[in-house]
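> Structure in structure tokens, see below.
The values are calculated or read from the model by the stated rules, or taken from the named source; none is laboratory data. Remember, it's a predicted structure, so these values are computed and weren't measured experimentally. Cβ coordinates were reconstructed from backbone atoms using ideal geometry, including for glycine residues, and neighbour counts include every protein chain displayed. Protein only, heavy atoms only, side chains kept; ligands, DNA and RNA dropped before computing areas. Shrake-Rupley method; radii C 1.70, N 1.55, O 1.52, S 1.80 Å.
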Amino acid sequence: MPLRALIFDVDGTLADTERDAHRVAFNQAFAAAGLPFEWDVPTYGHYLKVTGGKERLRCFLNDHPTMPQLSDGDIARIHQQKTAIYVEMMQAGLLPLRPGVERLLNAARDAGLPLAIATTTTPANVESLLKSTLGQDGPERFQIIGAGDIVPHKKPAPDIYKYVLEQLGFPAGDCLALEDSNNGLCSAVAAGLATVITQTEYTRNQDFSSALRVLDQLGEPGSPAKVLQGKEAGHHLVVDIAILSQWLTEEA
Ligand code: XBP
Ligand code: MG
């Protein structure tokens, strides 16, 4: 079965954005709003179980009834402020892409393999990350960018992947998803997609048993990735289009 498109998650997959960018932007927005809490690294890791920044803040407040309880409008305003801070961070060039990501994106472009994005994060965040890491035309490298509130239910629901597949016009079995988290994996698998995981510090202990392969990263020549789960477990390799096509074919 030919590989017809790669669908990338953003946060944790394209770049390690959560701990040092999203979390920091949330805390700055909380401080600007005069809120008496901030999210340390473990606390933020715990609340990553909830996808979507507004939903994450609502869940945190539900768990902490002694904190100021905010209306949906307050949460939306604070989240807007957080997005503005995050975009500024990206524009300052704070975060690189993960190892192997740009190489794989370039290889896909050279091979004429369509690329897409399926993420729960806000569209402005995706755009600023892609522009700061790939240049002004970074977003145009992706045929479809499915992001944020465009679908009613965020990951782990399959909505965003189904939306992107529909826009691409390819059957799920001809495409591969690249993810970093259990929520993302559940979403992609429920949409019928074989999924390759590159785990992060935050997601390394999550359940990836339904993934096609699990790796520590995509790898670069001279600095290969380690396969953590799947047929080549324990081996080192550089993830390229040929390997991804082979994995998808074997899966079929
Ligand atoms: C990441 C998320 C997002 C970000 C924050 O999902 O869950 O909510 O943490 O972004 P994915 P927003 O890995 O699927 O991209 O604050 O814009 O929601
Ligand atoms: Mg992710």
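> Return the long-range amide H neighbours of Val238 (sequence gap of 5 or more, or a different chain), with a cut-off of under 5 Å between placed amide H atoms.
Ala225
> What whole-number distance in Å separates the alpha-carbon centres of segment 152-195 and segment 47-106?
The two parts, judged by their Cα centres, are 21 Å apart.
> Which of the listed residues, Gly173, Gln206, Val196, is farthest toward the dipole's positive end in segment 132-212, when Lys, Arg count +1 and Asp, Glu count -1 at the beta-carbon?
So the residue furthest toward the plus end is Gln206.
> Could you derive backbone 3J(HN,Hα) for segment 169-186 from the dihedral phi with the Karplus parameters 6.51, -1.76 and 1.60 (θ = phi - 60°), listing whole Hz in sequence and x where the residue is Gly or Pro?
Ordered by residue, 3J(HN,Hα) equals x, 10, x, 4, x, 9, 10, 10, 9, 10, 9, 10, 9, 5, 4, x, 4, 4 Hz.
> While we're looking at this one, here's another question. Check the chain and count each lysine pair with an alpha-carbon distance under 25 angstrom, considering only pairs eight or more places apart or from different chains.
Going through the chain pair by pair, I get 15.
> For the chain, set up a Gaussian network in which alpha carbons nearer than 10 Å are linked by springs, and say which option among Gly219, Gly173, Gly112 fluctuates the most.
Top of the fluctuation ranking is Gly112.
> Also: Protein chains only, probe 1.4 Å: how do Thr249, Thr66, Thr51 rank by accessible area, largest first?
On the way: Thr249 70, Thr66 130, Thr51 25 Å².
Order by accessible area, largest first: Thr66, Thr249, Thr51.
> To one decimal place, what orientation-averaged projected area in nm² is obtained for the convex hull of the Cα set of segment 18-91?
Working: hull surface 17.7 nm².
For the Cα atoms of segment 18-91, the hull's average projected area reads 4.4 nm².
> Determine ³J(HN,Hα), in whole Hz, for all residues of segment 4-13 in sequence, where each value follows from phi through the Karplus function 6.51 cos²θ - 1.76 cosθ + 1.60 and θ = phi - 60°; x replaces Gly and Pro.
Taking θ as phi minus 60°, the curve returns 10, 6, 10, 10, 9, 6, 9, 5, x, 9 Hz for segment 4-13.
> Obtain the nm distance between the two label points defined at His46 and Leu70 by a simple spin-label model: each point lies 7 Å from its Cα along the Cα-to-C-beta direction.
Reported label-point gap for His46 and Leu70 is 1.8 nm.
> Can you give me the angle between helix 53-63 and the longest principal axis of the chain, using Cα atoms only, in degrees from 0 to 90, rounded to the nearest 10?
Rounded to the nearest ten degrees, it is 60.
> Glu250 to Asp110: FRET efficiency via 1/(1 + (r/R0)^6), r the Cβ-Cβ distance, R0 22 Å, to the nearest 0.05? Intermediate values should be presented prior to the final figure.
On the way: r = 24 Å, r/R0 = 1.08.
That pair, Glu250 with Asp110, gives E of 0.40.
> Who wins for biggest fluctuation among Leu228, Leu178, Leu165 in a Gaussian network model of the chain, springs between alpha carbons below 10 Å?
Highest fluctuation among the options: Leu228.
> Which values, in whole Å and largest first, are the semi-axes of the equivalent ellipsoid of the chain obtained as the square root of 5 times each eigenvalue of the Cα gyration tensor?
Numbers: eigenvalues 190, 67, 63 Å².
Semi-axis lengths for the chain are 31, 18, 18 Å.
> For segment 213-252 and segment 126-145, what is the centre-to-centre distance using only Cα atoms, to the nearest Å?
25 Å
> While we're looking at this one, here's another question. Mind listing the phi-derived Karplus ³J(HN,Hα) values for segment 187-203, rounded to whole Hz, using 6.51, -1.76 and 1.60 with θ = phi - 60°, and x for any glycine or proline?
Result, ordered by residue: 4, 5, 5, 5, 8, x, 9, 5, 9, 9, 9, 10, 6, 10, 4, 6, 10 Hz.
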